[in-house]
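Working notes, beginning with the structure itself.
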Amino acid sequence: MLSQIISKLIVLFMLICIYNCTAGIGKKDRKRALIWGALFLLTAAGIYVLYRIAASK
């Protein structure tokens, strides 16, 4: 139950990151696009690391 809530919140956060990144690109706001893009990539990297840890056990 808790893991489903957390996974849905992570997906929601990643969708918000993608939206804000594309909105920053559309408005020619490079700083906003870079920040939200970096947050998306950090989240994706964290998920990948957790997946690799879980797969090795």
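The values are calculated or read from the model by the stated rules, or taken from the named source; none is laboratory data. None of these values were measured; they are calculated from a predicted model. Positions of Cβ are backbone-derived with ideal geometry, glycine not excepted, and every protein chain shown enters the neighbour counts. Remember, those area values only see protein heavy atoms, side chains included, never the ligands or the DNA or RNA. Shrake-Rupley method; radii C 1.70, N 1.55, O 1.52, S 1.80 Å.
Listed values, structure above:
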read-out	value
Label-to-label distance, nm, for residues given as I53 and K28 (7 Å Cα→Cβ offset)	4.4 nm
Taking N as its residue count, the alpha carbon Rg of the chain over 2.2 N^0.38 Å	1.34
Assigned charges on the beta-carbon of Lys, Arg, Asp, Glu; the chain dipole about Cα centre (debye)	160 debye
Taking the chain and dividing mean pair separation by its residue count, relative contact order in percent (alpha carbons under 8 Å, at least six apart)	27 percent
Within straight-line cross-link reach of K8, lysines at Cα separation under 28 Å, skipping those fewer than 8 residues along the same chain	K31, K57
Candidate residues T43, T22: accessible-area rank, largest first, probe 1.4 Å	T22, T43
